[in-house]
Amino acid sequence: LVICAVFEEGVLDASQKDAVQEHFNKVDAGMTEHWHGSTKHSHENAQAGHGQKIRVIFSENGSVAASRRDAAHFVDFLVKGHESKGIKSPDERIMTVFVRPDSEIETHDWIDTVTHALTTTVSKKDGKSKSSPGIKTSISSTSNALSFASSTTETLSEGETKSVSLALKPMKSHATSEDLALTHGQTYPTPVVEGSVTAMALDTFLNLPVTDDKLDSHFAADVEMSWNLWMCADGIDIVSSLKAKTTLGRLQHKDKAGSSAESSARLVYTWVGGEENEIGRQMLHMVEKAKMGVSTSDEVLNNIPDGHKKCRTFDWYAKEVNTIMQKELSKLPPLTKEKVDKGTVSHQEEKVDEGVVSLQEEKKLPSKPLRPINKRLISTATMVELAYVDVTDGFTADPHRGAMDENGMLGYVHDEKALRTNPPQFQPTKEDLKCDENDGNMKMLTQKVSVDLGAHEAAERQAENGGKPRAKIFCLVYTIEANHGRIPNIRETWGQKCDGFMVGSDKTDKELGTVHIPHEGPEEYNNIWQKVRSMWSYIYDNYYEEYDWFHIGGDDLYVLVENLRLYVESEEIQTAANGGEYLPNGDETKLLPLFLGRRFMEQGNDKRIFNSGGSGYTVNKAALKALIVDGFPTCMAHLKTFAEDVMVAQCFRNKLNVFPYDTKDESGGERYMPFQPAHHLTYQIPADKTSDWYANYSIDIKTGLDHCATRSVAFHYIKPNIMKRIHGILYGFCNA
């Protein structure tokens, strides 16, 4: 038994390496808590019965794929040494198990199960063994791999597998009934290893013919491993009895579930042939859309392995194994031969036959032009390149220090999809709903404001059937530990409707989804500006590439997420983000920054308009990137103030020429509300506006039912007991 703890170059500095080595030496010597059968203990001094099992490897390579191979070659070196001394027979094969840093093996008797499965189970999607004609490999039989079933929850879906899309993003899939029936569901093939724990024979791994040491993430390395195993060996099986569990926060989402545009391009050129064939062109185009550009410079594509000609064809893999790709391809128009300009993939159209859809589609006008006020408001902003730019500087200083885990250790990465994946059930009591109480909140939410579920469900169906994908929204709430009691109601109501969700706080609680975000200065109301700077920076550093829109507000906020999503997907907002004249075609690499919310005039000054923080404000990718990269570094970086909403608007205005967008609907109704629904129903504007701060700050507001837009987006000052009632009214619980 040898355990290799592998650290690729750049993960640890010199001082950290010494500390890590010392810690593992103590573990290896039995000086930390460990088990002997059912007995748990530790030793004060190194014990002779312990040791020589754990090896720490500091790989000189900066990629996961390369560091895996470094570890495997080290083990092979040990094996050869044992054979030379007669300790090991050459006939004995070595089992190799890869465990991702955020995962652990849950099945106690896994060694016997893996041993049996590796000697008896072979995936043969084409009905042939590894010696099939056209497969040129020296891998010995049996050459399959095993992927442990893994989940962040206690529930594992039977028959669940993992696939990869044309854009090289991970996707959930399911084994066919035929595959499940062959072994009564005990084993079944998966197109891509799940990634948490993967096992195979050492010689299988060492003889995988295609290796690329420039792949930058665990996911990219997993894809390369999977394609090697399927196209050059005997495939991958999930054994249903083998369980692994992922611990949230130990690994960045983009590392275990994504790859850079450069790594994606290298995978496509290596295995698919780049632009030589239709599927390669489609994949490059999809990757370009998903990752905002694909670099094909000489540096990026240097030393591409000659992989796609050695083994089974990629076309076979897409048709027989990773069938999600084939379904995607069937819905796409064919692409003409693309001309590759140095540094970028550009779609240069040649003359094509009738019926072939051009990538350079004619620009489309929206059904209605933008209102003059909004054309004016966006006219000063500049288009922003959407490609991610790293400004963390090693996570050494505010506002980019990151987050702390429950033990106060920096480096924590929150699983922002946990709430969406495993939402708590909304179970209001009669006392929560108060359906018989016909107060102002009831009147506004039944006579004017509603959730447009019909349009929402229609958009969902369209997306599921291959139409326009839905906008992905990240919702961010700020709070403090003393107010954590407010968070469960948010989680039970609107929070779970966001694609990503996080609560920035001064204490991390994984169950609540709160995350300790350290920042400059004290944790107090009068320093919220510094807290929000660090929260926005953390979101950009860790989640920017996964989402389209980002909404932030306090812990007394209620968001009508369906309405927000429909609003940012509307022709109006899409046109505004595309420059104000034409609708986007879906593959833009630049967008105009948009800053949406409830417009207020600071102290009645129309030259200092900001979006009220009460109901929260919403920014698109371009705005978030511009704020973090070009705004925050030189915009009141060390100021201490509670007025974070005023400060954010000032940074947008003074540094980026971005002004709050007018979010009123066609009838002049407001979408973002600074108070409860009842307040807006009864509020009357005083004759002297300067006598009331709200009237003085507001811009052309209406009163009564006309104040709120039918498809309102958010309300403020929603206490926990009121939140459940509002949610129940909006979603029909009073009609049940």
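In this structure the stretch 598-736 gives 39 Å² per residue of accessible area when probed at 1.4 Å with all protein chains present.
Residue by residue, the stretch 164-181 carries 3J(HN,Hα) couplings of 10, 7, 4, 7, 6, 10, x, 9, 6, 9, 9, 4, 6, 4, 5, 5, 5, 5 Hz when phi is fed to the Karplus relation 6.51 cos²θ - 1.76 cosθ + 1.60 (θ = phi - 60°); x denotes Gly or Pro. Around the Cα centre of the chain, unit charges on the Cβ atoms of Lys, Arg, Asp and Glu (plus for the first two, minus for the last two) sum to a dipole of about 880 debye. Here K655 is the anchor, and the aspartates and glutamates within straight C-alpha reach of less than 17 Å, apart from those fewer than 8 places off in the same chain, are E385, D630, E644, D645. Angle of helix 720-730 to the longest C-alpha principal axis of the chain, folded into 0 to 90 degrees and rounded to 10: 90°. Checking every one of the trypsin sites (Lys or Arg not before Pro) in the stretch 626-689 against DSSP loop status and a limit of 16 other Cβ atoms within 10 Å picks out K640.
3J(HN,Hα) along the stretch 396-402, derived from phi through the Karplus expression 6.51 cos²θ - 1.76 cosθ + 1.60 where θ = phi - 60°, amounts to 9, 9, 5, x, 10, 6, x Hz, with x in place of Gly and Pro. Given +1 at the Cβ of Lys and Arg, -1 at the Cβ of Asp and Glu and no other charges, the dipole of the stretch 1-118 around its Cα centre is 320 debye to the nearest 20.
A prolate overall shape is assigned to the stretch 460-519, the ratio a/c of its alpha-carbon gyration tensor axes (a ≥ b ≥ c) being 1.5 or greater and a/b exceeding b/c. A Förster distance of 22 Å, applied to the separation of the beta-carbon atoms of N303 and S84, puts the FRET efficiency at 0.05. Compared with the dominant principal axis of the Cα atoms in the chain, helix 453-464 is inclined by about 30°. Share of the stretch 592-651's accessible area from carbon and sulfur, percent, 1.4 Å? Accessible surface attributable to carbon and sulfur in the stretch 592-651 totals 53 percent.
Only helical runs count toward this figure. For the chain, summing -39,500 (n - 2.57) over DSSP H runs of n ≥ 4 and dividing by all residues gives -8500 deg cm²/dmol at 222 nm.
The overall shape of the stretch 397-515 is oblate: from the C-alpha gyration tensor, with semi-axes ordered a ≥ b ≥ c, the ratio a/c is 1.5 or greater and a/b is no larger than b/c. How large a share of the accessible area of the stretch 370-513, in percent, is made up of carbon and sulfur atoms when the probe is 1.4 Å and the other protein chains stay in place? Carbon and sulfur together cover 47 percent of it. For S150, the accessible surface of its heavy atoms amounts to roughly 20 Å² (probe 1.4 Å, protein chains only, rounded to the nearest 10). All other residues whose Cβ lies under 15 angstrom from that of S89 are scored, Lys and Arg at +1 and Asp and Glu at -1, for a net of 0. Which percentage, to the nearest 5, of the DSSP beta bridges contained in the chain is antiparallel? Beta bridges within the chain, antiparallel portion: roughly 55 percent. Does the chain classify as rounded, prolate or oblate by the C-alpha gyration tensor (a ≥ b ≥ c root eigenvalues; a/c under 1.5 gives rounded; else a/b over b/c gives prolate, otherwise oblate)? Verdict is prolate for the chain. The residues of the stretch 443-482 expose, per residue, 51 Å² of accessible area to a 1.4 Å probe. Simple spin-label estimate for R371 and H116 gives 6.9 nm between the two label positions (7 Å along the Cα-to-Cβ direction from each Cα).
The phi-based Karplus calculation (6.51 cos²θ - 1.76 cosθ + 1.60; θ = phi - 60°) puts the 3J(HN,Hα) values of the stretch 571-580 at 4, 4, 6, 5, 5, 4, 5, 8, x, x Hz, whole numbers, x for Gly and Pro.
Round to the nearest 10 and give me the degree value, 0 to 90, for the angle of helix 644-656's Cα axis relative to the longest principal axis of the chain. Compared with the principal axis, the helix lies near 80 degrees.
Averaged per residue, what accessible area in Å² does the stretch 487-529 show with a 1.4 Å probe, protein chains only? Each step should come with its number before you reach the end.
Numbers: 1380 Å² over 43 residues.
Here the residues of the stretch 487-529 average 32 Å² of exposed surface.
Once all protein chains are placed together, D91 keeps about 140 Å² accessible to a 1.4 angstrom probe.
The values are calculated or read from the model by the stated rules, or taken from the named source; none is laboratory data. Source: prediction; values computed, not measured. Neighbour counts run over all protein chains shown; Cβ positions are idealised from the backbone, glycine included. In case anyone asks, the SASA skips ligands and DNA or RNA and just uses the protein heavy atoms, side chains included. Shrake-Rupley method; radii C 1.70, N 1.55, O 1.52, S 1.80 Å.
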